[in-house]
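Heads up, the thing below is written out as structure tokens.
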Amino acid sequence: MFRRTYEQRPDHCPNCKHDTALARLDRRLVWPAASENLVLPSGPCVMEDVWACTFCQRTVVELRVYGPDHAHGSDVFPDEVRVVWPPFAPRELSEEVPENVSSLYREASIAERAGALRGAGALYRAAVEQLCTSLGASGSNLRARIENLSKYGVDKEVISDLHEARLLGNWTLHEGIEFTADEVADVAELIAEATYVIYAEPARREMMRNARRTRRSSANEASPDHAVKH
């Protein structure tokens with residue numbers, strides 16, 4: 001029987017992919033010894049938490065890893081949180097995005113999930129650079145190439161988002177700055193939103209235009225004496 005703790009947190013459910021809340025159902029100590037004690041012991045330890053999505057009701061299992069320096073009984077800042085179920089699926093871009101961009105983005109997300117955040121930042125930057133190349137943007141450096149995207153109809157907000165990914169990668173590679181998991185995840189989402197606007201939205205608008213043309217053409221062929229004139 002699960003011990004409900006009534007604790008909830010806002011989160012993105014890895015099962016249903018909705019931004020929702022997770023409610024903790026159960027927790028136990030799993031290392032260095034198994035115990036149902038809800039209070040953290042002194043020293044390094046690993047706690048297992050079971051959460052349920054408040055939208056789809058499916059569960060998420062996490063291991064919360066604590067090092068030797070955490071305060072006794074404190075559950076605020078684990079050194080690492082690993083989602084062990086459901087199985088990890090890399091971040092994916094819309095199917096309209098070129099594969100040479102999507103593959104770098106996918107690889108960056110794998111590094112992000114593994115906790116290699118500097119590697120993830122560098123690869124997300126590489127995905128933006130490949131995006132500019134795929135669109136034919138010109139310039140002496142990545143900053144200039146991102147700015148050049150305005151000539152292809154890319155709006156200022158999307159350009160600003162792509163600069164965020166560029167800066168994270170630059171500061172990671174050249175300044176040695178370490179970003180948090182949330183900061184890296186935010187940049188990943190900005191890239192996904194930017195590529196959706198650049199590739200997916202125009203493709204889907206064109207698909208709808210083609211569908212309307214097909215319907216009008218079919219209607220005209222079926223009723224030649226009542227052709228649509230507008």
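Every read-out reported here was derived from the displayed coordinates using simple, explicitly stated rules and does not represent laboratory data. Computed from a predicted structure; not experimentally measured. Backbone-built Cβ (ideal geometry, glycine too); neighbour counts: all protein chains shown.
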Label corresponding to Kirkwood radius over Cα pairs in Å when calculated from the structure given, among (1) 21.0; (2) 17.6; (3) 18.4: (1)
Segment 99-210: equivalent-ellipsoid semi-axes (sqrt of 5 x gyration tensor eigenvalues, Cα, Å): 24, 16, 11
Ascending count of other beta-carbon atoms within 10 Å, so fewest first, for ILE110, ILE191: ILE110, ILE191
Stretch gain in nm, segment ASN220-LYS17, where the contour uses 0.36 nm per residue and the Cα spacing is subtracted: 68.8 nm
Label point 7 Å beyond Cα of SER150 along Cβ direction - residues of segment 100-142 with amide nitrogen under 17 Å: 137-142
Hypothetical label at VAL65: residues of segment 99-134 whose amide nitrogen lies under 17 Å (7 Å Cα-Cβ projection): 110-120
Separation in nanometres of the label points that stand 7 Å from Cα toward Cβ, at ARG113 and GLU178: 2.3
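Over 20 Å, how big is the tail of the calculated P(r) for segment 8-85, in percent of all Cα pairs? Show your work: numbers first, answer last.
Details: 959 of 3003 pairs.
Of all Cα-Cα distances in segment 8-85, 32 percent exceed 20 Å.
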Sequence-distant residues sharing a close amide H with PHE55 (under 5 Å, placed H): ALA21
For the chain, cysteines whose Cβ has no other cysteine Cβ within reach (under 4.7 Å): CYS45, CYS132
